[in-house]
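First comes the structure, then the notes that go with it.
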Amino acid sequence: MTTPTYDIILRQGRLLRSDSIETVDIAIQDGKIVAIAPQIEGTAKLELDAHNQFISPPFVESHIHLDSALTAGNPRWNQSGTLFEGIDIWREYKQTLSLDNVKQRAIATLKQQAAQGVLFVRSHADVSETSLTALQALLEVREEVKDWVTLQIVAFPQDGIYGNPKNDELIEEAMKMGADAVGGIPHYELTREDGVRSVHRIFELAEKYDRLIDIHCDEIDDDQSRFLEVVAACAIRSEMGSRVTASHTTAFASYNNAYAFKLLGFLQRTQINFIANPLINITLQGRTDTYPKRRGVTRVKELWQQGKNVSLGHDCVQDPWYSLGTGNMLEVASMAVHVCQMTGTSEIDACYEMVTQNGAKTLHIENDYGIEVGKPANLITLDADDRYDAIRRRAIVRFVISQGKLLAETQPPQTTWKGTSR
Ligand code: FE2
């Protein structure tokens, strides 16, 4: 009897299975996971030693703006640190966009993320600029990177659908060009009425072109910014279910509790996904407060406790809104643990889920996501014991396996102690 030969065998890693960690081998063949067992017989073209470290499904970046990534300081730095100065700087910068410039920065950011275990990304593309350069560039990038990262693109009208007479046409053109989802920014429309109208328009476009929805919703400290209720009402009436996502929803943290609890009740009638971006919103929000100063991050813990699907995004990497960032999803999860006060053991694990499987649900890719026999071989190993340890240490991602191939490998830094033993 011949021993089987695989493309890859990942030996002896710690895998979370039905709530307990087991040490397993994983065999990969033709891009799929074909066996998971304590010890797999056979050989492989590539054998990787997981060093008894944690094996995880890849990270999911559910909210980023690749068109503005890596532009921090151009044409000037955001000195006030506010969302609105960021929008002004971006408006200046985007007059100079070229296809090559957007593509080069987007691919550089995706590589930076993929090397750190991110293999599924949802990016917004600003479609309130008349040449639609950012969208065209990201559509081309989506195709060019598809062999190693899955990219979804949201048509995002940064200046509002009704902020300029052309923008309504531009967002519909973006649907025709092939954007995966319709976006919006109702709290930045010129009036409350325009904001409500924009949400209705987003649902109309999503139904007409059969696309997902992901709206920048109430990203402001204004406790009167109440577009989430409009999104909820449209979601209930349209029966679009989990195809609808509300991003940011930072005003939810400023609502009075009487209103917030009523809204939570309405939200229970929907399957809306929520995306929080704690790295960015902890810095952008609260800027008009003296003290007490608000944290400006949506009610992540309460939404999670209510069973809502919450994922976390980076939002920005070195752009007009946030000059920092490396694309590391463990930094995002760690910030959520701190800002949302999710320090209980199950809460820390939940924050890890928010950058992995919850993101997969938001992106509607969960059927092909996860470490199971028969699924596409997308997985990472971390220099950590488990989810808690990964977040605590912002663990290095050692191996990144994408679509059955080893995509990246990183060695953890080694410290040699040179002092006395005491
Ligand atoms: Fe955003």
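The values are calculated or read from the model by the stated rules, or taken from the named source; none is laboratory data. Remember, predicted model here, so these are calculated numbers, not experimental data. Cβ atoms come from the backbone with ideal geometry, glycine included; neighbour counts cover every protein chain shown. Ligands, DNA and RNA are excluded from the accessible area calculation, which covers all protein heavy atoms including side chains. Shrake-Rupley method; radii C 1.70, N 1.55, O 1.52, S 1.80 Å.
All conditions but one from (1) in contact with a His (Cβ under 9 Å, 6 or more places away or on another chain); (2) buried (at least 24 other Cβ atoms within 10 Å of the Cβ) apply to Q285; the one that does not is (1).
Number of residues in region 38-57 that are on the phi < 0 side of the Ramachandran plot and over 33 Å from the mean Cα position of the chain (by Cα) equals 6. Inclusion of R398 among residues that are buried (at least 17 other Cβ atoms within 10 Å of the Cβ) and of a type in the set (K, R) is warranted. One residue stands out in region 141-171 among those that are in a helix (DSSP H, G or I) and open to solvent by 60 Å² or more (accessible area, probe 1.4 Å): the one that is farthest from H216 (Cα to Cα), namely E144.
Here are A206, A174, A179: which of them is more than 16 Å from the ligand (Cβ to nearest atom), in contact (Cβ under 8 Å) with a residue 24 or more places away in the chain, surrounded by 24 or more Cβ atoms within 10 Å (Cβ to Cβ) and in the same structural domain as Y291 (by TED's automatic domain parsing)?
Matching residue, one of A206, A174, A179: A174.
Looking at S128, S123, just one residue is open to solvent by less than 10 Å² (accessible area, probe 1.4 Å) and outside any helix (DSSP H, G or I), and that residue is S123. If you check I213, I272 for being within 16 Å of the ligand (Cβ to nearest atom), among the hydrophobic types (A, V, I, L, M, F, W, C) and open to solvent by less than 70 Å² (accessible area, probe 1.4 Å), only one passes: I213.
Give the number of residues within region 303-330 that are open to solvent by 60 Å² or more (accessible area, probe 1.4 Å) and of a type outside the set (F, W, Y). The qualifying residues number 5.
Of all the listed residues (G313, G296, G286), the sole one being in the same structural domain as T82 (by TED's automatic domain parsing) and within 18 Å of K111 (Cα to Cα) is G313. Going by the conditions given, is E61 at negative phi, out of contact with any Pro (no Cβ under 7 Å at 6 or more places or on another chain), at pLDDT 95 or above and within 16 Å of the ligand (Cβ to nearest atom)? Yes.
Residue count for region 286-312, restricted to those that are in contact (Cβ under 8 Å) with a residue 12 or more places away in the chain and touching a Gly at 6+ places or on another chain (Cβ under 8 Å): 7.
Being within 15 Å of the ligand (Cβ to nearest atom) and at pLDDT 95 or above is not true of D194.
Taking the criterion of being part of a helix (DSSP H, G or I) and buried (at least 18 other Cβ atoms within 10 Å of the Cβ), the residues of region 358-387 that qualify are N358, G359, A360, K361, T362, R387.
The residue that is most open to solvent (accessible area, probe 1.4 Å), counting only those in region 68-113 that are part of a helix (DSSP H, G or I) and basic (K, R), is K111.
The residues of region 277-287 that are within 29 Å of M240 (Cα to Cα) and either within 11 Å of the ligand (Cβ to nearest atom) or acidic (D, E) (or both), listed by number, are N277, I280, N281.
Scan region 219-229 and give yes if some residue there is in contact (Cβ under 8 Å) with a residue 40 or more places away in the chain, open to solvent by less than 10 Å² (accessible area, probe 1.4 Å) and under 16 Å from L303 (Cα atoms), otherwise no. No, that holds for no residue.
For the condition surrounded by 20 or more Cβ atoms within 10 Å (Cβ to Cβ) and either in the same structural domain as I380 (by TED's automatic domain parsing) or polar (S, T, N, Q) (or both), what is the one hit in I40, I21, I36, I26? Residue meeting the stated conditions: I26. Counting only residues that are under 24 Å from T356 (Cβ atoms), buried (at least 24 other Cβ atoms within 10 Å of the Cβ) and either more than 16 Å from the ligand (Cβ to nearest atom) or not polar (S, T, N, Q) (or both), how many does region 288-302 have? Here the count works out to 2. Across region 319-330, the qualifying residues are those that are touching a helix residue (DSSP H, G or I) at 6+ places or on another chain (Cβ under 9 Å) and closer than 17 Å to R91 by Cα, and the one among them that is nearest to the ligand (Cβ to nearest atom) is W321. Here C316 meets the list (1) within 14 Å of the ligand (Cβ to nearest atom); (2) hydrophobic (A, V, I, L, M, F, W, C); (3) closer than 19 Å to I391 by Cβ almost entirely, failing just condition (3).
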